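Undergrad: Structure provided below as C-alpha coordinates; questions to follow.
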Amino acid sequence: MKQVKKEVNPAVVGVILAVVAVAVLFMGYRALAVPDKKDTTGSEKDIQRVKNGEPMYTPPAGVVPGYSGGGAAGSPPSGAPGGAAGAYNLKPPPN
(Lines give C-alpha, C1' and ligand atoms only; values in the text may rest on other atoms or scores of the structure.)
Protein backbone atom coordinates (compact mmCIF):
# COMPACT_ATOMS: atom_id res chain seq x y z
CA MET A 1 0.00 0.00 0.00
CA LYS A 2 1.28 3.43 -0.97
CA GLN A 3 1.55 6.04 1.75
CA VAL A 4 0.12 9.54 1.03
CA LYS A 5 2.24 12.59 1.78
CA LYS A 6 0.86 14.74 4.59
CA GLU A 7 2.64 17.88 3.50
CA VAL A 8 1.03 20.99 2.03
CA ASN A 9 2.62 22.61 -0.96
CA PRO A 10 4.17 25.98 0.09
CA ALA A 11 2.71 27.62 -3.03
CA VAL A 12 -0.82 26.67 -1.93
CA VAL A 13 -0.20 28.12 1.55
CA GLY A 14 1.14 31.32 -0.01
CA VAL A 15 -1.90 31.73 -2.25
CA ILE A 16 -4.30 31.14 0.65
CA LEU A 17 -2.47 33.66 2.86
CA ALA A 18 -2.46 36.23 0.05
CA VAL A 19 -6.22 35.86 -0.52
CA VAL A 20 -6.93 36.18 3.21
CA ALA A 21 -4.65 39.24 3.48
CA VAL A 22 -6.36 40.97 0.55
CA ALA A 23 -9.80 40.22 2.02
CA VAL A 24 -8.81 41.58 5.44
CA LEU A 25 -7.30 44.72 3.93
CA PHE A 26 -10.39 45.31 1.78
CA MET A 27 -12.79 44.90 4.71
CA GLY A 28 -10.61 47.12 6.91
CA TYR A 29 -10.57 49.82 4.24
CA ARG A 30 -14.34 49.66 3.88
CA ALA A 31 -14.86 49.81 7.65
CA LEU A 32 -12.39 52.58 8.48
CA ALA A 33 -11.70 54.70 5.40
CA VAL A 34 -15.18 55.03 3.89
CA PRO A 35 -17.58 56.45 6.50
CA ASP A 36 -21.29 55.88 6.10
CA LYS A 37 -23.07 59.02 4.98
CA LYS A 38 -26.36 59.14 6.85
CA ASP A 39 -29.22 61.03 5.27
CA THR A 40 -30.09 63.77 7.76
CA THR A 41 -32.22 65.89 5.45
CA GLY A 42 -35.95 65.94 5.01
CA SER A 43 -37.05 66.56 8.60
CA GLU A 44 -36.52 70.33 8.66
CA LYS A 45 -40.19 70.94 7.86
CA ASP A 46 -41.32 68.69 10.72
CA ILE A 47 -38.87 70.26 13.18
CA GLN A 48 -40.11 73.74 12.28
CA ARG A 49 -43.75 72.64 12.78
CA VAL A 50 -42.96 71.30 16.26
CA LYS A 51 -41.07 74.49 17.16
CA ASN A 52 -44.16 76.47 16.10
CA GLY A 53 -46.27 74.43 18.52
CA GLU A 54 -48.04 72.30 15.94
CA PRO A 55 -48.51 68.59 16.66
CA MET A 56 -46.03 66.20 15.08
CA TYR A 57 -48.78 63.80 14.03
CA THR A 58 -52.50 64.26 13.56
CA PRO A 59 -54.44 60.99 13.37
CA PRO A 60 -57.05 60.63 10.63
CA ALA A 61 -60.57 61.77 11.46
CA GLY A 62 -62.71 59.17 13.21
CA VAL A 63 -59.82 57.03 14.42
CA VAL A 64 -59.00 56.41 18.05
CA PRO A 65 -55.93 54.14 18.34
CA GLY A 66 -56.42 51.11 20.57
CA TYR A 67 -60.23 51.34 20.70
CA SER A 68 -61.96 48.19 19.55
CA GLY A 69 -65.43 48.63 21.11
CA GLY A 70 -68.73 49.55 19.51
CA GLY A 71 -70.28 52.96 19.26
CA ALA A 72 -69.64 55.84 16.95
CA ALA A 73 -66.28 55.98 15.25
CA GLY A 74 -63.93 58.25 17.12
CA SER A 75 -65.99 58.47 20.29
CA PRO A 76 -64.37 56.93 23.37
CA PRO A 77 -66.60 54.85 25.63
CA SER A 78 -67.84 56.24 28.89
CA GLY A 79 -65.89 55.37 32.01
CA ALA A 80 -62.13 55.78 31.82
CA PRO A 81 -60.97 59.34 31.07
CA GLY A 82 -58.91 58.22 28.06
CA GLY A 83 -61.25 55.59 26.74
CA ALA A 84 -61.12 51.81 26.99
CA ALA A 85 -58.48 50.04 29.03
CA GLY A 86 -55.33 49.83 26.96
CA ALA A 87 -56.41 52.65 24.64
CA TYR A 88 -54.30 55.73 24.10
CA ASN A 89 -55.29 58.86 25.98
CA LEU A 90 -55.19 61.54 23.32
CA LYS A 91 -56.45 64.31 25.63
CA PRO A 92 -53.70 66.48 27.16
CA PRO A 93 -53.73 66.89 30.94
CA PRO A 94 -55.47 70.01 32.28
CA ASN A 95 -53.18 72.93 33.09
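Undergrad: For residue 22, are the conditions met, namely being farther than 30 Å from residue 91 by Cβ, without any contact (Cβ under 8 Å) to a residue 40 or more places away in the chain and surrounded by 10 or more Cβ atoms within 10 Å (Cβ to Cβ)?
TA: For residue 22, the condition - farther than 30 Å from residue 91 by Cβ, without any contact (Cβ under 8 Å) to a residue 40 or more places away in the chain and surrounded by 10 or more Cβ atoms within 10 Å (Cβ to Cβ) - is met.
Undergrad: For the subset of the stretch 20-36 comprising residues that are of a type in the set (A, V, I, L, M) and not in a helix (DSSP H, G or I), which member is modelled with the highest pLDDT?
TA: The extreme case among them is 33.
Undergrad: Further question on the same structure: May I ask you to list pairs of residues, at least six apart or on different chains, whose Cβ atoms are under 6 Å apart, with the first in the stretch 37-62 being assigned to a helix (DSSP H, G or I) and the second being surrounded by fewer than 10 Cβ atoms within 10 Å (Cβ to Cβ)?
TA: So the pair list comes out as 50/56.
Yes or no, residue by residue, for (1) among the hydrophobic types (A, V, I, L, M, F, W, C); (2) within 30 Å of residue 58 (Cα to Cα):
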| position | (1), (2) |
| --- | --- |
| 9 | no, no |
| 12 | yes, no |
| 17 | yes, no |
| 21 | yes, no |
| 27 | yes, no |
| 40 | no, yes |
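The values are calculated or read from the model by the stated rules, or taken from the named source; none is laboratory data. No experiment lies behind these values; they were computed from the predicted model shown. All Cβ positions, even for glycine, are placed from backbone atoms using ideal geometry, and neighbour counts span all protein chains on display.
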